[in-house]
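Inspection log for the structure reproduced underneath, given as structure tokens.
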Amino acid sequence: MFPSPVHIYTDGSDAEDHVSSAFVIRHQKKRNIHHQTQLSLAANAIILAGVVCVWLQPCDLPSPQFTRDTLKGHSRPESSSRSAFLDQRDTLWMRSAGAWRDAGLYGLLDEITNSAEEVPRFLAVGSACVLALLRWASSFHGSLFPHLTLSSDEMVAEFSQMLDWSDSALRSFAWHPHTDKFAVALLDDSIRIYKSNSSATPTLKHRCQRSVCALQWKPLCGSALAVACQSCLLIWHVDPTSLSTRPSSGCAQVLSHPGHSPITSIAWSPTGSLLVSASPVDTGMMVWDVAAESAVPLQRVGGGGVTYLSWSPDGSRLLAATPSALFRVWETRMWTCERWPCLKGSCQSACWSPDGGCLLLSMQGERVIYALTFSDLTGGSKAASVVADLSETSFPGPDGDLTVGGEVCSLSWDPRGERLAVLLKGDSQAVNHPSVIAVFKTRSSPVFELLPCGFVMGEAGAEPRFMQFHPHFQHGALLTVCWSDGRISHVPFYFSSAGLLGGDSPQQALASNTADHSSNKLYTEQIS
Amino acid sequence: MKCGCARPDSHLIYFQVVIWRAVASIAWSVLLLPVTTAVFVLLSRFSLFHPIQWISDCTSLLAASSTIFSLVVLCGVVLITGFFNLEFYTLVPSIPCSRMALLGTVLHPRQCVHSLVYCTMGMLVMWCASVTIGGRYSTLGTTCRQSESGEVVTCLNEYHLFILLAGAFMGYSHSFLGVVQNMYYVSFQPIQQYKYPRFKGCLPMVVKCSVIQALYSARNFAAFYFFFGYAPKTWISSTLNLQIDSSLQPLDSLTGLLDLSLLYHLSISGTFLYLTWYLTVLLFRIYVTEAYSFPVQSTFTEDAEQSLPKVLAEKNTLVMKFLALQDLALLSQHSLSRRLEVFSLSQPGGHAHNWNAISRECLSLLSELTQRLVAHQDAVASNGRVKSQSASNFIFPVLSVVVSGTEDIAETPRLSVPLRTPGSVFKSSVGGANSALTAPFTPDVDSPFSSPAIRRLVGQQDPQSPCFGTVQSPHIMRRGPKPWSASTGLSHLVAASFSEDQFGVVQTTLPNILSCLVVLLEAVDRHFKLPHASSKPVRTICSMGDSTYKTLRFLLRAVLKTTIYKITTTFGEHLNAVNISTEHRKRLQQFLEFKD
């Protein structure tokens, strides 16, 4: 389905391609004349001496663009639109019931306290006292865990993997693990499903589908899509053979558990049998048996909630990050966990190596990547080691110097374990310091290695917000990036797997190419 | 399914596993009693304004002889509860098809005995509670002064009677709800946890359930006593020749019942009662469903009955079969060494007894389920839709039995996936054979010596004959120890034949497995076309009864599909070489394209 390989970046076949990456592109231009369209796009690539930034589109993958103007944001909650209407006095009972429905116990107490002239005095005083007590208790709790003082929407924005979630037209993105289709959650709380070679884009809408924070397709299944919403968890069953563009809300299962919302992260087990969901306000994570609609809560004290979940590809471990400086790694056989306290911030993003033996982590506010190794025989590492330092460094670019480096916001490892994409936050105040995606070549044996490969940058003014590797791209790796201008683009990395060819020479050639750059301290390789 | 086992060996292993687990769970329930009693004492004597007196009262009460005696009585109650758990527990939920059937179950002699015993136990616990609370509740008779004559007589203490009757009422409602909510249905958890974390995780739920249940029961009992309380009161007073104190407000009146202190004590005593029972049930469930590791292959003939294939074929003790299925599921996911045992061949003879027995058992479970589903569909087709509701209720207990079996057969191909590399038997991809797991057992395919030999061996086979394993492997195995008159890669080839056998072991049954799964899936699909089959049950908010059996059909469908996807994604195009019928191939093709 993809066009024959455009060898932007070959690792194996012929060594002459590796003299320099710039040369690779020119060389390919001469050889593959019938790929004019891609190569003219490739001409826009920013070439940074030895490392290459690629802007290419495989032709038949849909790359839609959504702008904020075309999407209507979801309607405001009733409380904020109240001022637009004339004030009409209901009876106290009606108002109390409404307050209870809208805002729970707080709302009810507030309503009773506010309508002191209509209720008996002891009731008003009592509710005022209880309210004060509750506020005091929650402020105390909030001082322990500051994230609990956020509103539900703010919390989703804070812990979503999509950067700048509240401002973005794209809310979440997920590739299907086996087929060429992906789902995008949008600002207007709808989800669209795009398939290659198909113009039909089913749109999913549901009454409960508010503030979508995460999406994930069920592995080993053609149809099921899990959606983490503000109040519940939705499991859509979208029939892949159906031509309907608006599946009814009857196709969705609603899973909810009291005290378990908003849900900010979900993870299917790689066998598709279990779904784990996490909420920053709930210290327990829920292990759902989706078909039976039953959940087993796994409670651990400490951390104040669970924000991010990531299941290792071999299914043996599960990372659970908390809003505090603490994360846990669960083993999934007997569901016990290791506790990993961090020094500074909470865990921001993480990714597993394909064999599940290595976990790369980034911490909030830090400019380094940590690695943890796991092994059934030796038990794995006792402390996380720093494998890459990504502090600011300037590179000579086509339009003057370019500063690259900063906080590591997101990590993604391609399914073959050969490319690692790292989203580095830029400085919006500085002129030449945009957010970029740095791509590394990785090797895990004999020792773990990271070799710089290139940068991916957007068009002028567009910053990367989210990225994910295509789960089964045959010609190498395909990185899908969601940009701040609402565009979704696919960046292919064509290579043949180094493990099959078994040659070390390309790696060495590359290492010699980039040797002079590693000396200027952008990438301090540490071999773990 | 209880100890109706005929053979002494299976009885022995049943005794070793289940009885011991039940005994351990009861022991833990007894050990927990002092804790719950202490909490109950603290709550029952609670007084906000005299905290120091409250604490000192409670400590002296806890050491008092009456409390010790109550504890002994409570231990007896827990022992009886544990015995009833062991006697009544079921792995197949009983779903009454109609109201009449439910009535029949409730009035069944066995259930009547159960209700009677629980009523008695409820009264005993409430007697202990009333003695512990003390004050106006402690005894049945009190001294009172008659209003006219002024002489001191023994009067009936209505508060004590009220609490005792509440115990009987709660005991009966527990017994009744046990039938309605399938309290004794034991289901296996989707995830494995150690016993202590699981208990800790379930404890808040159990406390919440017992509080809610106690409040409901207290409300219902208050209403009951308001209308019918006069009868037991007069009966007791006339039998025991006790006077009724007319100076006190009678409790079967509105003002008498609106006594906050009485209602509070009733609720916490009820909570204590339910908590005692629920904890026993919870501990029993946790202990019984704990994973048990059966030996795949027994070294000695004495314990051959305990080996996994034998226990899987168990007919009498259902719980052992379930434990074996659970063990199979676990080993298929987590234990490489035990998987290898499953695929190993018997030492003299070279037959794959282990795998054959296990796969045969799983397949027979699946085909039995298929037959039941088809029979049910036929019945519906012939009788029209009137019968469908009841019949569809009948079938789901069966599903529950088999669904775990399905999961296991689901796991079984999965476990073999790393071992049987598809390419080595089918002609095409010899190169993709070295995953880390297979490394010790597969020949080094990439080494220059072995690979031509294997290629030639594989190349000789007609790629259209998938049953290569059946025909060839015994020959190869027999020749294995002998010198092969052949090429330089002799030793590699022996290893190859061995490893081919490893693969062949599974591969011969692959067509069976696939067709069995597809037939079952078709039956399930047809089942979902029946009326009411796809409607979701109402979710119960909080009860100790396990309601997961209501969604078993959805679980079965999901598990089946995942299973087939697992096989199709692993084997990919190689499935085209498997000998199955055209319709099944068509269905599998949908799975290959992720169109199902």
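Kindly check whether there is at least one residue in segment A:228-240 that is within 14 Å of another protein chain (Cβ to nearest Cβ), outside any strand (DSSP E or B), free of Cβ contacts under 8 Å to residues at least 40 places away in the same chain and more than 22 Å from the chain's Cα centre (by Cα). Yes; the residues of segment A:228-240 include at least one that is within 14 Å of another protein chain (Cβ to nearest Cβ), outside any strand (DSSP E or B), free of Cβ contacts under 8 Å to residues at least 40 places away in the same chain and more than 22 Å from the chain's Cα centre (by Cα). Of the set (1) away from chain A (no Cβ under 14 Å); (2) touching a strand residue (DSSP E or B) at 6+ places or on another chain (Cβ under 6 Å), all apply to B:P190 but (1). Listed by position, the helices (runs of 4 or more DSSP H) enclosed by segment B:325-420 that each have at least 3 residues that are at pLDDT 80 or above and at negative phi are B:353-383. Candidates are the residues of segment A:244-255 that are away from every other protein chain (no Cβ under 13 Å) and not polar (S, T, N, Q); the one that is surrounded by the fewest Cβ atoms within 10 Å (Cβ to Cβ) is A:R246. Residues that are free of Cβ contacts under 8 Å to residues at least 60 places away in the same chain and either acidic (D, E) or under 30 Å from B:Y292 (Cα atoms) (or both) number at least 2 in the following helices (runs of 4 or more DSSP H) confined to segment B:187-266: B:195-228.
Taking A:D389 as the residue in question, decide whether it is modelled with pLDDT of 90 or more, of a type in the set (D, E, K, R) and on the phi < 0 side of the Ramachandran plot. The answer is yes for A:D389.
A Cβ distance below 8 Å, combined with a sequence gap of six or more or placement on separate chains, defines the contacts here; from segment B:581-596, residues that are within 17 Å of B:D525 (Cα to Cα) reach residues that are exposed (fewer than 13 other Cβ atoms within 10 Å of the Cβ) in the pairs B:K595/A:T241.
Exactly one residue out of A:L215, A:L170, A:L186 is touching a Gly at 6+ places or on another chain (Cβ under 8 Å) and in the same structural domain as A:P247 (by the TED database): that is A:L170.
Working carefully through the options B:G150, B:G167, B:G178, B:G104, find the one that is away from chain A (no Cβ under 14 Å) and on the phi > 0 side of the Ramachandran plot. Just one listed residue meets the conditions, B:G150. When segment A:387-422 is filtered for residues that are outside any strand (DSSP E or B) and surrounded by fewer than 17 Cβ atoms within 10 Å (Cβ to Cβ), the ones remaining, listed by number, are A:S391, A:E392, A:P398, A:D399, A:P415. Within the option set A:S324, A:S349, A:S353, being at pLDDT 90 or above and over 30 Å from A:D427 (Cβ atoms) holds for one residue only, A:S353.
Scanning segment A:358-383 for residues that are buried (at least 18 other Cβ atoms within 10 Å of the Cβ) and more than 28 Å from A:S497 (Cα to Cα) gives A:M363, A:E366. For segment B:559-573, what are the residues that are of a type in the set (D, E, K, R) and either facing chain A (nearest Cβ under 9 Å) or within 15 Å of B:L517 (Cα to Cα) (or both)? Passing the criteria: B:K561, B:K566. Selection of helices (runs of 4 or more DSSP H) fully inside segment B:17-102 by the criterion of at least 1 residues being touching a Ser or Thr at 6+ places or on another chain (Cβ under 7 Å) and within 30 Å of B:M320 (Cα to Cα) returns B:20-44, B:65-88.
Of the residues making up segment A:362-386, those that are assigned to a strand (DSSP E or B) and of a type outside the set (A, V, I, L, M, F, W, C) are A:S362, A:Y370, A:T373, A:S385. Whether a residue is surrounded by fewer than 19 Cβ atoms within 10 Å (Cβ to Cβ) and β-branched (V, I, T) was assessed, and A:T336 passes this test.
Do you know which residues across segment A:92-147 are among the charged types (D, E, K, R) and either closer than 30 Å to A:G305 by Cβ or modelled with pLDDT of 85 or more (or both)? Selection gives A:R101, A:D102, A:D110, A:E111, A:R121, A:R135.
Residues in segment B:538-558 that are outside any loop (DSSP other than H, G, I, E, B), of a type outside the set (A, V, I, L, M) and facing another protein chain (nearest Cβ under 8 Å): B:T548, B:T551, B:F554, B:R557.
Just give me the residues in segment B:338-361 being among the charged types (D, E, K, R), touching a residue at least 12 places away in the same chain (Cβ under 8 Å) and more than 14 Å from every other protein chain (Cβ to nearest Cβ), in sequence order. Matches in segment B:338-361: B:R339, B:E341, B:E361. B:K586 satisfies every condition listed in (1) crowded, with 20+ Cβ neighbours inside 10 Å; (2) at pLDDT 80 or above; (3) of a type in the set (K, R); (4) out of contact with any Cys (no Cβ under 9 Å at 6 or more places or on another chain) except (1). Residues in segment B:195-212 that are more than 14 Å from A:P297 (Cα to Cα) and hydrophobic (A, V, I, L, M, F, W, C): B:V207, B:C209, B:V211, B:I212. When we screen B:Q306, B:Q326, B:Q347 for residues that are among the polar types (S, T, N, Q) and in contact with a helix residue (DSSP H, G or I) (Cβ under 6 Å, 6 or more places away or on another chain), the only hit is B:Q306. If you check B:L31 against the conditions, is it over 22 Å from B:V131 (Cα atoms) and surrounded by fewer than 16 Cβ atoms within 10 Å (Cβ to Cβ)? No; evaluated as a whole, the condition is false for this residue.
Can we say A:S496 is over 15 Å from A:A421 (Cα atoms) and modelled with pLDDT under 85? The answer is yes for A:S496.
Would you check if B:I567 is at pLDDT below 80, of a type in the set (V, I, T) and assigned to a helix (DSSP H, G or I)? Spelling it out, B:I567 is indeed at pLDDT below 80, of a type in the set (V, I, T) and assigned to a helix (DSSP H, G or I). Among the residues that make up segment A:138-148, is at least one of them assigned to a helix (DSSP H, G or I), touching a residue at least 12 places away in the same chain (Cβ under 8 Å), in contact with a His (Cβ under 7 Å, 6 or more places away or on another chain) and not assigned by the TED database to the domain that holds A:P262? Checking segment A:138-148: at least one residue is assigned to a helix (DSSP H, G or I), touching a residue at least 12 places away in the same chain (Cβ under 8 Å), in contact with a His (Cβ under 7 Å, 6 or more places away or on another chain) and not assigned by the TED database to the domain that holds A:P262. Among residues of segment B:313-337 that are within 17 Å of B:L86 (Cα to Cα) and surrounded by fewer than 20 Cβ atoms within 10 Å (Cβ to Cβ), those with a Cβ under 8 angstrom from a residue that is modelled with pLDDT of 80 or more and not hydroxyl-bearing (S, T, Y), sequence gap 6+ or separate chain, pair up as B:L318/B:L91. In segment B:208-226, is there at least one residue being surrounded by fewer than 19 Cβ atoms within 10 Å (Cβ to Cβ) and within 14 Å of another protein chain (Cβ to nearest Cβ)? Yes.
The values are calculated or read from the model by the stated rules, or taken from the named source; none is laboratory data. A quick note: this is a predicted structure, and the numbers were derived from the prediction, not measured. Methodologically, a virtual Cβ is constructed for each residue, glycine included, from the backbone with ideal geometry; neighbour enumeration extends over all protein chains shown.
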